[in-house]
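K.L.:
Sharing a structure with you now.
The values are calculated or read from the model by the stated rules, or taken from the named source; none is laboratory data. All figures in this text were calculated on a predicted structure; none of them were measured in a lab. Cβ atoms come from the backbone with ideal geometry, glycine included; neighbour counts cover every protein chain shown.
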Amino acid sequence: MFTSILTLLLLLGSPDAVHLLHRVTITLSEDGSITERTEATIIPLTGRGVQRFSTMSIAFREEMEEVEIVQAYAGHWRGGRGSSTASVSTGPHRILSRTNRLESSLRETILLMPGLEIGDTVKVDIVRTIHSLPLSNVYSYVFLPVLQDSVVRSVFQITNNTDIRLLTRGFEEFREFRNTSPAPSHPLAAFDPPFVSIATGTPKELSAEASEALDIPEHSQCMRLGEIVTLTGTDPNALREWVAENINYTGADTGVWPGWSPRSPEETLEDGSGVCRDRAVLLTWLLRNAGYEAYPALASTAGETAPVVDARSFDHMFTVYRDPMDNSWTVLDPTPKGIPLTAGFSFGLRGSTYLPMIPGGTGLETIPVNGWNDTLRIALTGELDLNENLITGRLNAVSRGAPLELITTLFTRSGPSARNEMFRRFFGAVKCDSVSFNGEEVIMEGQWQVFHNDEYLLLPGLREISLPGSRIASILLPSPPDSFTIDAPATEILTVSLSIETQGEELPDPVNSHGYSCDMAYIDGRLVFTETADITDSNAYILETLLARSGTSARTVKLK
């Protein structure tokens with residue numbers, strides 16, 4: 001029976017693997033420890049599946065939890081090869097070596113399956129024992145079938161040997177899943193696979209307990225807090241910027257919960273360094289000193305989280321304060337440098353879930369995705385020299401939202417000697433004589449190339465002048481991926497105004513399609529070319545927009 005299913009999967013264009021069994025058993029013990037046991041029987045179906053299961057990494061926090069490999073081996077389907085046991089090694093997590101943070105408590109156990117091939121059978125039995133949780137005793141777990149693979153049988157079990165009342169969702173209905181697959185054409189397909197979630201407390205309880213752990217009154221006694229507020233003023237964004245610019249990033253682990261406990265404001269200021277949690281706590285107390293109701297907040301940079309969470313569900317910490325006008329939360333992230341003064345946080349946090357840690361607790365919040373007015377408006381005014389094929393003139397670029405953050409970062413993080421070359425490339429010039437930035441507008445003096453022969457003149461457009469949009473076009477064209485993230489979403493508007501002696505040139509017809517427009521006309525003795533392209537995430541026709549933008553007919557003048 002299974003052989004026929006495997007054959008069908010291979011013929012239909014299979015996922016990475018099929019899981020004959022995926023079982024997770026959660027045990028809550030009287031001593032307060034929690035055990036997560038994962039048993040899996042897996043057959044890789046593609047080269048990518050072989051790669052995924054040849055090397056498996058299990059991350060854990062030393063002193064808070066430990067990982068035991070009960071069983072890990074591969075049964076080879078080809079005759080005479082038998083089976084091979086996985087090699088097991090444990091050490092600092094690989095991500096730490098790239099950031100010189102080897103003192104961190106983050107560890108990983110690596111399983112290596114030697115000689116794994118398509119069709120072999122991988123069996124693993126892994127036990128994770130959690131001895132303590134950071135910031136709060138609230139524990140959560142979300143169980144669902146392995147989404148990128150087909151699953152024949154998936155089982156979730158709970159053993160609760162305590163008097164703790166578990167909050168569950170979907171457990172009674174879906175403690176066992178059968179025949180799920182990510183692709184509708186597969187014989188194991190199931191749409192919208194269900195999931196099970198459990199927790200020992202609500203997000204509000206987590207918020208309250210974490211607040212009690214972090215809100216230490218003695219921190220207010222740091223004398224330098226008042227000095228900094230006097231220096232910068234009481235504007236929250238100015239205080240955020242001061243922390244971002246004056247506290248260097250470091251990866252040291254301190255406190256009761258390694259990797260989670262922030263240092264006191266006094267320690268962070270004394271060292272002049274800290275990670276996100278240290279900066280968040282420092283900014284919280286600076287805001288309080290300035291008269292605001294402020295708190296640290298746990299955040300998930302991966303987007304929205306499940307409805308049940310514990311502190312491990314988050315990977316970042318920033319600061320929130322109550323807006324005195326409408327009592328809403330305002331987010332300030334003191335980690336990134338170079339973002340616009342009024343932004344408060346990087347646009348990459350949009351859509352992220354966060355949990356303010358306040359006395360009495362509160363629920364999960366989400367940073368809105370829409371309403372940022374992401375625009376990049378470029379005006380190029382100059383003289384056209386057909387003998388040299390050049391436009392010599394001035395470019396003025398005014399931006400909002402994500403493009404403003406990108407330009408601010410480029411300007412503030414590049415040295416003066418490299419700045420001209422940086423912006424020459426950014427705005428597609430052949431030469432940059434000077435560039436300045438006033439926090440909102442870039443002013444650049446330079447030269448831009450045009451192309452012409454005896455019959456036609458091709459003017460530069462957004463494709464040549466806007467690097468962010470050009471990069472998106474290179475990602476999507478000629479064929480778009482299944483999903484993508486736009487690194488600087490914006491509505492881009494380019495206006496080129498050129499001094500040219502008219503000889504009755506024939507101008508191209510205007511173009512107007514979904515998210516794209518292009519128009520050329522003579523206005524007050526100048527040739528004026530305007531191009532608009534919507535390359536925001538909300539543009540449902542973004543591929544059509546980029547295809548239109550990559551064309552040249554709307555930017556081509558027929559010479560007489």
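K.L.:
Between a first residue in region 350-377 that is free of Cβ contacts under 8 Å to residues at least 24 places away in the same chain and a second residue that is crowded, with 22+ Cβ neighbours inside 10 Å, which pairs have beta carbons less than 9 Å apart while being 6 or more apart in sequence or on different chains?
P.N.:
From region 350-377, the pairs are 350/402.
K.L.:
Can you tell me how many residues within region 401-426 are touching a residue at least 40 places away in the same chain (Cβ under 8 Å) and over 12 Å from residue 437 (Cα atoms)?
P.N.:
Residues flagged as touching a residue at least 40 places away in the same chain (Cβ under 8 Å) and over 12 Å from residue 437 (Cα atoms) within region 401-426 amount to 8.
K.L.:
Kindly indicate whether any position in region 334-343 is touching a Cys at 6+ places or on another chain (Cβ under 6 Å), under 24 Å from residue 231 (Cβ atoms) and assigned by TED's automatic domain parsing to the domain that holds residue 211.
P.N.:
yes
K.L.:
Name the single residue that is farthest from the chain's Cα centre (by Cα) among those in region 527-560 being farther than 30 Å from residue 372 by Cβ and either surrounded by fewer than 16 Cβ atoms within 10 Å (Cβ to Cβ) or basic (Lys, Arg) (or both).
P.N.:
Start the filter on region 527-560 by keeping residues that are farther than 30 Å from residue 372 by Cβ, which leaves 527, 552-553, 556-560.
Those still in the list that are either surrounded by fewer than 16 Cβ atoms within 10 Å (Cβ to Cβ) or basic (Lys, Arg) (or both) too: 552-553, 558-560.
On the way: 552: 34, 553: 37, 558: 46, 559: 48, 560: 52 Å.
The selected residue is 560.
K.L.:
Pairs please, first residue from region 79-91 and over 30 Å from residue 105 (Cβ atoms), second anywhere and at pLDDT below 90 and of a type in the set (Val, Ile, Thr), Cβ atoms under 6 Å, 6+ apart in sequence or on different chains.
P.N.:
none
K.L.:
Also, quick follow-up: Restricting attention to region 302-334, and to residues there that are of a type in the set (A, V, I, L, M) and closer than 14 Å to residue 139 by Cα, which single residue is surrounded by the fewest Cβ atoms within 10 Å (Cβ to Cβ)? Please lay out each step first, then the result.
P.N.:
We begin by selecting, within region 302-334, every residue of a type in the set (A, V, I, L, M); these are 302, 306, 308-309, 311, 317, 320, 325, 331-332.
The next check asks that each one be closer than 14 Å to residue 139 by Cα; those that pass are 306, 308-309, 311.
Numbers: 306: 17, 308: 23, 309: 25, 311: 23.
My answer is 306.
K.L.:
Working carefully through the options 363, 344, find the one that is assigned to a loop (DSSP other than H, G, I, E, B) and on the phi > 0 side of the Ramachandran plot. Walk me through it before giving the result.
P.N.:
Numbers: 363 fails: on the phi > 0 side of the Ramachandran plot.
Selected residue: 344, the only one of 363, 344 that is assigned to a loop (DSSP other than H, G, I, E, B) and on the phi > 0 side of the Ramachandran plot.
K.L.:
Here are some conditions: (1) without any contact (Cβ under 8 Å) to a residue 40 or more places away in the chain; (2) within 21 Å of residue 456 (Cα to Cα); (3) more than 38 Å from the chain's Cα centre (by Cα). Residue 524 meets all but one. Which one does it not meet?
P.N.:
Going through (1) without any contact (Cβ under 8 Å) to a residue 40 or more places away in the chain; (2) within 21 Å of residue 456 (Cα to Cα); (3) more than 38 Å from the chain's Cα centre (by Cα) one by one, residue 524 breaks only (2).
K.L.:
Tell me, please, whether a residue that is in contact with a Phe, Trp or Tyr (Cβ under 7 Å, 6 or more places away or on another chain), in a loop (DSSP other than H, G, I, E, B) and more than 22 Å from residue 267 (Cβ to Cβ) can be found in region 312-333.
P.N.:
No: region 312-333 contains no residue that is in contact with a Phe, Trp or Tyr (Cβ under 7 Å, 6 or more places away or on another chain), in a loop (DSSP other than H, G, I, E, B) and more than 22 Å from residue 267 (Cβ to Cβ).
K.L.:
What are the pairs, 6+ residues apart or on separate chains, where a residue within region 490-515 that is closer than 24 Å to residue 449 by Cβ has its Cβ under 6 Å from a residue that is small (Gly, Ala, Ser) and part of a loop (DSSP other than H, G, I, E, B)?
P.N.:
Final answer for the pair search is 492/466.
K.L.:
Further question: Restricting the search to region 103-137, which residues are within 18 Å of residue 68 (Cβ to Cβ) and among the acidic types (Asp, Glu)?
P.N.:
Matches in region 103-137: 108, 125.
K.L.:
Which residue, of 148, 71, 51, is surrounded by fewer than 16 Cβ atoms within 10 Å (Cβ to Cβ) and in a helix (DSSP H, G or I)?
P.N.:
Values: 148 fails: in a helix (DSSP H, G or I); 71 fails: in a helix (DSSP H, G or I).
Selected residue: 51, the only one of 148, 71, 51 that is surrounded by fewer than 16 Cβ atoms within 10 Å (Cβ to Cβ) and in a helix (DSSP H, G or I).
K.L.:
Take the residues in region 455-471 that are touching a strand residue (DSSP E or B) at 6+ places or on another chain (Cβ under 8 Å) and charged (D, E, K, R); name whichever of them is surrounded by the fewest Cβ atoms within 10 Å (Cβ to Cβ).
P.N.:
First, pick out the residues of region 455-471 that are touching a strand residue (DSSP E or B) at 6+ places or on another chain (Cβ under 8 Å): 455-462, 464-466, 468-469.
Still in the list and also charged (D, E, K, R): 455, 464.
Working: 455: 10, 464: 18.
My answer is 455.
K.L.:
Could you check region 121-135 and list, in sequence order, the residues that are buried (at least 22 other Cβ atoms within 10 Å of the Cβ) and either over 27 Å from residue 50 (Cα atoms) or touching a His at 6+ places or on another chain (Cβ under 9 Å) (or both)? Before the answer, list the steps.
P.N.:
Initially, region 121-135 is screened for residues buried (at least 22 other Cβ atoms within 10 Å of the Cβ), giving 122, 133, 135.
Residues satisfying the conditions are 133, 135.
K.L.:
Please determine, by comparing only the residues of region 27-48 that are small (Gly, Ala, Ser) and surrounded by fewer than 17 Cβ atoms within 10 Å (Cβ to Cβ), which one is nearest to the chain's Cα centre (by Cα). Can you show your working first?
P.N.:
Here is the first cut: in region 27-48, the residues small (Gly, Ala, Ser) are 29, 32-33, 40, 47.
The next check asks that each one be surrounded by fewer than 17 Cβ atoms within 10 Å (Cβ to Cβ); those that pass are 29, 32-33, 47.
Numbers: 29: 36, 32: 34, 33: 32, 47: 27 Å.
Among residues in region 27-48 that are small (Gly, Ala, Ser) and surrounded by fewer than 17 Cβ atoms within 10 Å (Cβ to Cβ), the one nearest to the chain's Cα centre (by Cα) is 47.
K.L.:
I've got another one for you. Which of the following residues is at pLDDT 90 or above, closer than 27 Å to residue 511 by Cα and in contact with an Asp or Glu (Cβ under 7 Å, 6 or more places away or on another chain): 446, 393? Spell out the reasoning first.
P.N.:
Values: 446 fails: closer than 27 Å to residue 511 by Cα.
393 is the lone residue from the list that is at pLDDT 90 or above, closer than 27 Å to residue 511 by Cα and in contact with an Asp or Glu (Cβ under 7 Å, 6 or more places away or on another chain).
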